[in-house]
Amino acid sequence: MTTEIYSFLSSSPAQYPWENHSGGLEHLTRDARAIDEGGYAGALVATGIAAGPDPWVTSAAVIPETSRMKFLLAVHPSVTTPATLAKQVATFDELSNGRILTNIVTGSASTPGRSGGTASAGVTLDHDARYRYTDEFLHVYRGLISGEKVNFDGEFISIHEGFTGIRPVQKPYPAIWFGGSSDAAIEVAGKHADVYATWGEPIDLLTEKIGKARAAAARHGREIRVGCQFNVIVRDTKEQAWAAAQELLDQADDGFIEQFLAGLAAGDSVGQHRQLGFHERKRPEHARDLEIEPDIWTGFGLLRVGPGLAIVGDPETVAARLRGYREAGIDAFILQNWPYVEETQRIARDVLPLLENDLVTAN
């Protein structure tokens, strides 16, 4: 059994609201080179709808600086069109010689924090309507990017004699990653996605979710792979790793955590609400009080939007936990921590060699 390991590409070294670090092209290039040279299959290039740099410009800027890694680009269907995306993907795939993947993010109406939400871009559809829109979007997009002439009239999208004059290097098109924890999201994933993307959760809950996604794909006569995003805190010893977790937790004051969690709770993201359920919504005195399974820490859920769980330990421990999740049905991992460049290099140096017989890395 083989597993792909991805990293996280960012143009900024800052990850948390209280940080104020400059980034830009120099940092972006360092990050991309660390990923490309570190043996990762590629990197997630994520961004919020309103905040954060544009992932297309960010990734295109470092195509010449890399040779192997694939770029998993975040795409928000509600703020673009299927025809625009098909042209962007085909162009990027040609310029990078087949190194793009798409991460379709339907998004939350009011995702708090730096990322913004669909409402900040003028999209006011409710939760289930956004997924019905995404369903239509991906139906049209898959036809266009495959070289078909598309005619479609739906609830939200209408296109007649649509086509894209440029074809991607990867056939029939670069793999589609798609995430979401609601029933509506899982149905869209089963119908359209090549990879069902999820944030890390305890193994029993994750196994249940994976089963639902694969059952949804089977209803449409398809098979689906599963990708999972985790934070990783790895140090030479377990004690050092947990000390790093403690240091990270100590940086945020209680006022920030209270306001941050209230914002998350007000959103309509099912996946984010699941992450909230893994801790008591307050900062404990000791980081290990947030260890919900051996070596699985929920502390990131108090600090940032997105994946709230981390694998914490020495390299052997982290590798063992990844193997356990792989055996539970995970085909690809996105591993990240801050500072991006330093932690990308640390994971590549200390963890990936322990998994070298299990990995598919960049060609």
What's the total number of residues in the stretch 250-265 that are part of a helix (DSSP H, G or I) and either touching a residue at least 60 places away in the same chain (Cβ under 8 Å) or under 16 Å from F278 (Cα atoms) (or both)? 9
Looking only at the stretch 230-241, count how many residues are open to solvent by 20 Å² or more (accessible area, probe 1.4 Å) and touching a strand residue (DSSP E or B) at 6+ places or on another chain (Cβ under 7 Å). 1
For the stretch 198-228, give me each residue that is touching a Gly at 6+ places or on another chain (Cβ under 7 Å), in contact (Cβ under 8 Å) with a residue 60 or more places away in the chain and open to solvent by less than 20 Å² (accessible area, probe 1.4 Å). T198, I210, V226, C228
In the stretch 285-313, anything assigned to a loop (DSSP other than H, G, I, E, B), in contact with a helix residue (DSSP H, G or I) (Cβ under 6 Å, 6 or more places away or on another chain) and in contact (Cβ under 8 Å) with a residue 24 or more places away in the chain is listed as D295, V305, G308
Going through the stretch 267-282 in order, the residues found to be touching an Asp or Glu at 6+ places or on another chain (Cβ under 8 Å) and open to solvent by 70 Å² or more (accessible area, probe 1.4 Å) are R274, K282
Filter result (open to solvent by 30 Å² or more (accessible area, probe 1.4 Å), closer than 28 Å to Q272 by Cβ and charged (D, E, K, R)) within the stretch 305-359: R321, R323, R326, E327, D331, E342, R346
Within the stretch 334-355, identify whether any single residue is in a loop (DSSP other than H, G, I, E, B) and more than 19 Å from the chain's Cα centre (by Cα), and answer yes or no. yes
Quick one: how many residues across the stretch 186-197 are closer than 11 Å to R225 by Cα and either without any contact (Cβ under 8 Å) to a residue 60 or more places away in the chain or open to solvent by 10 Å² or more (accessible area, probe 1.4 Å) (or both)? 5
Is it fair to say A32 is in a helix (DSSP H, G or I), modelled with pLDDT of 90 or more, open to solvent by less than 10 Å² (accessible area, probe 1.4 Å) and not acidic (D, E)? yes
Taking A129, is it aliphatic (A, V, I, L, M) and at pLDDT below 70? no
Contact list, first residue from the stretch 129-148 and under 17 Å from G162 (Cβ atoms) and open to solvent by less than 10 Å² (accessible area, probe 1.4 Å), second anywhere and at pLDDT below 95 and not in a loop (DSSP other than H, G, I, E, B), beta-carbon distance below 7 Å, six or more apart or interchain, is F137/P77
So, in the stretch 42-95, exactly how many residues are part of a loop (DSSP other than H, G, I, E, B), within 19 Å of A197 (Cβ to Cβ) and open to solvent by less than 10 Å² (accessible area, probe 1.4 Å)? 1
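Residues checked against (1) among the small types (G, A, S); (2) within 22 Å of D253 (Cα to Cα); (3) modelled with pLDDT of 95 or more:
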position	(1), (2), (3)
Q272	no, yes, no
W297	no, yes, yes
F300	no, yes, no
G308	yes, yes, no
G313	yes, no, yes
E316	no, no, yes
R321	no, no, yes
Y325	no, no, yes
I330	no, no, yes
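The values are calculated or read from the model by the stated rules, or taken from the named source; none is laboratory data. What you see is a predicted model; the values in this text were computed from it and never measured. Backbone-built Cβ (ideal geometry, glycine too); neighbour counts: all protein chains shown. Ligands, DNA and RNA are stripped out before the accessible areas are found, and what is left, the full protein with its side chains, is counted by its heavy atoms. Shrake-Rupley method; radii C 1.70, N 1.55, O 1.52, S 1.80 Å.
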